[in-house]
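Single-structure report; data block below.
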Amino acid sequence: MRLVAKLKSLQRDWVSWVPTLWLGVFFLIPFLVVLKISLSQATIAMPPYLPLFDWVESALEIRLDFGNYLFLIDDPLYGAAYLESVRIAFVSTVITLLIGYPMAYMIATAREPRRTLLLLLVILPFWTSFLLRVYAWIAILKTNGLLNGLLMSLGLISEPLVFLQTDLAVYIGIAYTYLPFMVLPLYASLSKLDRTLLEASEDLGATPWISFVTVTLPLTIPGVIAGSLLVFVPAIGEFVIPALLGGNDTLMIGKVLWNEFFANRDWPIASAVAIIMLFVIVGPLMWLNRINSKTEEATS
Amino acid sequence: MNRFLVLLLSVVAGSASAQGVVNVYNWSDYIAEDTIAKFEAETGIKVNYDVFDTNELLEAKLLAGSSGYDVVVPTGNFLERQIQAGVFRQLDKSKLPNLANMDPDIMRIVEQHDPSNAHSVVYMWGTTGFAYNTKAIQERMPDAPVSSWAMIFDPDVVSKFADCGVAILESPTDIIASAKHYLGLDPASESSDDLKQAEELLMGVRKHIRYFHPSQYINDLANGDICLAVGYSGDLLQSRDRAADAKNGIEIEYVIPEEGGVVWFDLMAIPADAPNAEEAHQFINFIMDAQISADITNYVFYANANAASTELVNPEVTSDPGIYPGDDVKAGLFALKAFSPRYDRIMNRTWTRIKTGQ
């Protein structure tokens, strides 16, 4: 009996070890490497930074340079880029939510086999390359592109409008790319919704709109939060979409990081930017996590 | 089982044999269609050919070390700094008999990047100028100063073309140097005062520029999405020919401005940790063959530095002043040097401010 219990606990331990090991190898170690570089100094060499640890006459010498972090505070560029990234990510997330919620609602209330088909359609764009799909938006939004052609042939405008290289194009690009990440968690939480609650609300005289606001929406908040996080977090660090669709003045932290790493060859500053970015993302994450656990407490 | 083992061993032996491979990392759209096949047929060496589109990307891979590449093609001012960082090995010139084909004048000019040409050989060279859509410019400004940098740097001129789209090459080194040169300042100086003046000049035209990009302008100019672009000579000439091929009524003209402009050299070099240095020498020597160099120039519209190949290049290429400029234009060209890391940072910061206003 005892042996079985022991084996079982060993099995349980093993299960918890896998994610720990995964996080250690793919998150903690790279994080420590980046942290190390962020405390070093740039130089012309291979690799282009000075070593942190040095043996000087059999003594270990450690040189930590916090100047890189001070530099980020000193120049308003970095703060502005962080704020701008958060702003663009936030607006894009709201747009994605506004499009994604009705979509998820429609899919969740559809009958089989329509429902499976609709779900499949949401995932279908993943079958072509992400880069190709963003390029397709260039063809749609450019001056002589499809959208301007359509608007002009409808007589709505007489001169082509500039869509490409604007913030609007970046919002469209992010909302389009990340939509499935919003729809799927929303669908999961909408399809779990207990229909009898809606019937009860109707019996008590609520209009469909009141029922939605007081019953459906609060019960699907976990889905809203999960979907929003899956869009918001990667959107902050997004590099490709603003590079292809955004304008010169679209200043996002991904671009600043690229500049530090490639144009300035300053790996220590680039690493410091990355470390700070991590904290900028972790902040809202913790906050949303707290709201999430509160609503879960309230509903259970 | 036995047969399988033999097969496996022969595969392993095959890939590691002296015949071997050479891993080449070059710019995109920068070689003739048949060059690789000819090299493989002649030497039996397999070529793994990979491409990049910015010097920065290449440099990041080289500085990280163990890139696995045997031949890379950075631009002179980047190569200069990479040599300082110890990225490259010295060439064994006894293995490069075709060096005799190279133009001694050009090889002397690139010594400012690589003293005594110890690490590198010129692949192609070109200029940074601008190209325009003749009809669109004519319509908007019949007396436009089409052979002067004023087209880009004079706000009164460039503002007239803002509606049809103006693009500038995403390369702070090229553009800031051109701006300084236009102002009569020394492009090589690290003076912050000079930089400030160049910044003010660019800030003055900034709102008329639609975008800054390393290569997007090639297609956009050919399609008529923009009408004026600063860029690399070969790219803009490609754009001109694409428009001509498409017969869409768009005519593009490339200009090396009369005030003079940036000339750059892309150089072949072998990383110090290249796994196949022997094959790399063979590849570089093969490229320096007169016929091979001529084939590449005919295809990519960039001039080579191979004196022996000039008579083999199509006359329409050698007579194109945008590719092989005349002596009077040549006199106004200047090469960029590598700046100190401190100045690079200030310059890139200025560039960000120009682009974003931050």
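Data overview
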{"read-out": "Average beta carbon contacts from partner chains per residue of A:43-55, 10 Å cutoff", "value": "3"}
{"read-out": "Spatially proximal aspartates and glutamates relative to residue B:93 (Cα-Cα < 20 Å; intrachain offsets below 8 disregarded)", "value": "B:70, B:80, B:103, B:105, B:111, B:114, B:266, B:273, B:278, B:279, B:289"}
{"read-out": "Convex hull of the protein assembly as shown built on C-alpha atoms - directionally averaged projected area, nm²", "value": "43.4 nm²"}
{"read-out": "Chain lengthening between residue A:71 and residue A:195 when straightened (0.36 nm per residue, less Cα-Cα)", "value": "39.0 nm"}
{"read-out": "Percent of Cα-Cα distances greater than 31 Å, calculated over chain B", "value": "37 percent"}
{"read-out": "Pairs beyond 19 Å (Cα-Cα), from B:160/B:180; B:180/B:337; B:61/B:180; B:61/B:355; B:135/B:160; B:61/B:337", "value": "B:160/B:180; B:61/B:180; B:61/B:355; B:61/B:337"}
{"read-out": "Probe 1.4 Å, accessible area per residue of region A:34-157, Å²", "value": "61 Å²"}
{"read-out": "For region A:47-111, alpha-carbon Rg relative to the globular expectation (2.2 N^0.38 Å, N residues)", "value": "2.25"}
{"read-out": "Relative contact order (%) - criterion: Cα under 8 Å, at least six apart; region: chain B", "value": "28 percent"}
{"read-out": "GNM result for chain B, Cα springs below 10 Å: residue of B:135, B:46, B:247 fluctuating most strongly", "value": "B:247"}
{"read-out": "Computed over chain A, the ratio Rg/Rh where both radii use C-alpha atoms and Rh is Kirkwood", "value": "1.07"}
{"read-out": "Debye, to nearest 20: dipole size of region A:75-299, +1 on Lys, Arg Cβ, -1 on Asp, Glu Cβ", "value": "440 debye"}
{"read-out": "Dipole magnitude (debye, nearest 20) for region A:8-166, charges at Cβ of Lys, Arg, Asp, Glu", "value": "1080 debye"}
{"read-out": "For the protein assembly as shown, share of DSSP beta bridges that run antiparallel, in % to the nearest 5", "value": "60 percent"}
{"read-out": "Chains A and B together, accessible area buried on both sides, 1.4 angstrom probe, square angstrom", "value": "2800 Å²"}
{"read-out": "Principal axis dimensions, largest first and in whole angstrom, of region B:104-149 by Cα", "value": "51, 16, 15"}
{"read-out": "For chain A, calculated [θ]222 nm from helices alone, where every DSSP H run of n ≥ 4 adds -39500 (n - 2.57)", "value": "-22000 deg cm²/dmol"}
{"read-out": "Dipole moment magnitude, nearest 20 debye, the protein assembly as shown about Cα centre, only Lys, Arg, Asp, Glu C-beta charged", "value": "3060 debye"}
{"read-out": "Efficiency of FRET from Cβ geometry, residue A:292 and residue A:64, R₀ 41 Å, rounded to 0.05", "value": "0.65"}
{"read-out": "Positive minus negative residues near residue B:322 (Lys, Arg vs Asp, Glu; Cβ under 12 Å)", "value": "-4"}
{"read-out": "Region B:251-300 - accessible surface per residue (Å², probe 1.4 Å)", "value": "28 Å²"}
{"read-out": "C-alpha center-to-center spacing [region B:72-118, region A:150-217] in angstrom", "value": "59 Å"}
{"read-out": "For region A:75-299, with +1 on Lys and Arg beta carbons and -1 on Asp and Glu, the positive-most of A:165, A:152, A:123 along the dipole", "value": "A:123"}
{"read-out": "For residues of A:257-263, the mean tally of beta carbons on other chains within 10 Å", "value": "5"}
{"read-out": "Pairwise centroid distance, computed over Cα atoms, of region B:169-233 with region B:339-353, Å", "value": "15 Å"}
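The values are calculated or read from the model by the stated rules, or taken from the named source; none is laboratory data. The structure displayed is predicted, hence computed values, not measured ones. Glycine also receives a Cβ, built like all others from the backbone with ideal geometry; neighbour counts cover every protein chain displayed. Accessible surface is based on the protein model in full, side chains and every heavy atom, while ligands, DNA and RNA are left aside. Shrake-Rupley method; radii C 1.70, N 1.55, O 1.52, S 1.80 Å.
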